[in-house]
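Undergrad: Take a look at this one; I'll ask things after.
The values are calculated or read from the model by the stated rules, or taken from the named source; none is laboratory data. Fair warning: this is a prediction, and the values are worked out from it, not measured in the lab. Methodologically, a virtual Cβ is constructed for each residue, glycine included, from the backbone with ideal geometry; neighbour enumeration extends over all protein chains shown.
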Amino acid sequence: MSEYHIEKPSEKLTETFQSRHDLWVGRNYFRNRNYETTYNTVDMTYSLGHSFESIIESFDFPVITRLKLEPIDKQKTERIIASLLASRHAEMKFHYGKKSHLYEDLKRESGEVEFLSDRVRNQGNSLFHMDLSFRISGKDPLDLKDNAYRFETAMNYLGIVNRRINNVSYRTIKNSFSLNRRRDTPYIIDSRSVSSILPVYSTPSPGKGVFVGMDSIDEKPVFIDSFQNESFNSVILGETGSGKSFFSKVFLRRSISSGNADKIFIVDPLNEYSADMFGPNSVEINFRKGDILELSREGPLDNDLISPLASIISGTIYGDDGMRKDIENDIRFYSEENSGTTISHILHRIWSKYGMDSKGSKTFNIIKSQSWMSNDTRVVIFKTNILEEETSNSLLPELILSIFAYSVNNPETRKMLVIDEAHLALSNRHTSGILSNLSRHSRHYMLSIVSITQSLDDLFFHQENRSLLANTASIFVFRTRSMKGEYAKMLNLEGFEEPDFHSLLGGKTIDYSECFLIKRKRLIKLRIISTKEERRKAG
């Protein structure tokens, strides 16, 4: 490796100087199409140096970054380090005992050089001569002055010290485009530090992650793998017309098409989804009061399924595991009572006994397992039409428990349970209790619960709903006016200036939407983009 050179954006710079009549030189800037000036980096705090790339991309004016690295051979490296140490120690002796901060500064620098020496000798690092410079542009001298001030302020804040070229000449301008090293003292840097500041604009391979949008700061793509976090669950919230529903459809389409999810179950109370959105391996099932899902397995339940089901039902109805043993015993009794009894019938009987009063439905409409459990079926949309149904405590709880039973029986399959208009489900004490309990256990059965609603208020309709948020890894917040100040702590936003959720763009009148992604105490502003085909399918 003789040198490393990056220039962004790439330009045929030599063409710039074909005619001197196209170039006008001032004291510390020059004009070539735009007014431009150049900065050379002379010092840097390595721990913050990696941040300059994102800051530069956030500017609304062009910045061309020029980086050149020349490796230094081993013998010269040892001489440079020895010389640096000797000079620091000599100056320390001179300033020792004097009332000056220089001694402490030199002591700190000496420690940094010794640390650098250790990295080179014992960790195999190399030394480089680095030449890092920036070209700033402006429409006119005043605009350039303003841009230069913003650049200097941002770089100083990051601990990057740049020196502006004050005496511009044709020679210095040409040298700023050249690969030749600057004539002033070269900046020495080791390979570990180089790796933290190289502006290569690369993003790690996301594996099976799903592309969700572009980071509005650095314009890099952001990927989410719903099955790689400490929790597999997500929440998507935003007011009507914010772009929330469109994003949800695109996100689910990408999840299934990318292979990130093997199977998706969608609870659709307001007829927002259709099988056409997801392709031929999708089905729509009308689910009404009294309907039960048939599971493919027959006869007695395995202990692997009995215990978690009993725990969830007990926690949902009674708030703890106090009735778990009784429910377990009943499940075993019902399964042994008739060897031909299906899991679906057992679930219905258990829920009828513990979760409903005697007015509950006694008529069964069996939805055959082939219609929703087939390996060829990848997206199942349950049309619950809950607003047209009379209030029933059994409709959603049994549906969700049946999907959970499927998850336990298929632990290797990546499954997503999507609750659209989640406020309708969360306002029901039994349903919200089941979802809250499931959220704690879902990752053990490769189940990701995605709750879609308009406001965080919906997640606190019942006290138990708080665990749903506590067990959520990714929260997408689209435009909303109902974000209360006390929610900042619940969303891990205490260390951030309060985001402006009210002004986020989104809706059918613009080509893209914006949201904040809250993930692992990180706050990322996303720009949601999509293809024409995705927009057509999502309606």
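To keep it simple, each residue is scored yes or no on (1) touching a Pro at 6+ places or on another chain (Cβ under 6 Å); (2) polar (S, T, N, Q); (3) assigned by TED's automatic domain parsing to the domain that holds I256; (4) closer than 19 Å to E230 by Cβ.
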residue: S407; (1), (2), (3), (4): no, yes, no, yes
residue: V418; (1), (2), (3), (4): no, no, yes, no
residue: H423; (1), (2), (3), (4): no, no, yes, no
residue: R440; (1), (2), (3), (4): no, no, yes, yes
residue: H444; (1), (2), (3), (4): no, no, yes, yes
residue: L447; (1), (2), (3), (4): no, no, yes, yes
residue: S451; (1), (2), (3), (4): no, yes, yes, yes
residue: F460; (1), (2), (3), (4): no, no, yes, no
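Undergrad: Now for a different question. With the range 312-431 as the region, which strands (runs of 3 or more DSSP E) entirely inside it contain at least 1 residues that are modelled with pLDDT under 75?
TA: Working: elements: 365-367, 379-383, 415-419.
Hits in the range 312-431: 365-367.
Undergrad: Also: When the residues of the range 137-168 are filtered to those that are polar (S, T, N, Q) and under 13 Å from T37 (Cβ atoms), which remaining residue is modelled with the lowest pLDDT?
TA: Restricting attention to the range 137-168, the residues satisfying the condition of being polar (S, T, N, Q) are 137, 147, 153, 156, 162, 166-167.
Restricting the remaining residues to those that are under 13 Å from T37 (Cβ atoms) gives 137, 147, 162, 166-167.
Numbers: S137: 82, N147: 88, N162: 84, N166: 59, N167: 49.
Here the answer is N167.
Undergrad: Kindly provide the set of residues from the range 508-518 that are under 16 Å from G213 (Cβ atoms) and at pLDDT below 85, ordered by number.
TA: Taking the range 508-518 as the starting set, the residues that turn out to be under 16 Å from G213 (Cβ atoms) are 510-518.
Of everything in the range 508-518, those that are under 16 Å from G213 (Cβ atoms) and at pLDDT below 85 turn out to be I510, D511, Y512.
Undergrad: Of all the residues that make up the range 77-103, how many are assigned to a helix (DSSP H, G or I) and either more than 27 Å from S191 (Cα to Cα) or assigned by TED's automatic domain parsing to the domain that holds S191 (or both)? I'd like the intermediate steps shown before the answer.
TA: First, pick out the residues of the range 77-103 that are assigned to a helix (DSSP H, G or I): 77-95, 102-103.
Now drop any that are not either more than 27 Å from S191 (Cα to Cα) or assigned by TED's automatic domain parsing to the domain that holds S191 (or both), which leaves 90-95, 102-103.
Final tally of qualifying residues: 8.
Undergrad: Taking interchain pairs and intrachain pairs at least six residues apart, which have beta carbon atoms under 6 angstrom, with the first residue in the range 220-245 and within 13 Å of I419 (Cα to Cα) and the second modelled with pLDDT of 90 or more and outside any strand (DSSP E or B)?
TA: I236/K244; I236/S248
Undergrad: Here's a follow-up. Taking the stated definitions as given, is R66 touching an Asp or Glu at 6+ places or on another chain (Cβ under 6 Å), assigned by TED's automatic domain parsing to the domain that holds G159 and either surrounded by 11 or more Cβ atoms within 10 Å (Cβ to Cβ) or at negative phi (or both)? First the steps, then the outcome.
TA: Numbers: touching an Asp or Glu at 6+ places or on another chain (Cβ under 6 Å): yes; assigned by TED's automatic domain parsing to the domain that holds G159: yes; either surrounded by 11 or more Cβ atoms within 10 Å (Cβ to Cβ) or at negative phi (or both): yes.
Here the answer is yes, as R66 does meet what is asked.
Undergrad: Only residues that are in contact (Cβ under 8 Å) with a residue 12 or more places away in the chain, within 30 Å of T65 (Cα to Cα) and loosely packed, with under 15 Cβ neighbours inside 10 Å: list them for the range 83-132, please. Talk me through it step by step, then tell me what you get.
TA: Residues of the range 83-132 that are in contact (Cβ under 8 Å) with a residue 12 or more places away in the chain, as a first pass: 84-85, 88-89, 91-92, 106-107, 109-110, 113-114, 116-117, 119-120, 123, 125-132.
Still in the list and also within 30 Å of T65 (Cα to Cα): 84, 109, 113, 116-117, 119-120, 123, 125-132.
Correct list: Q123 only.
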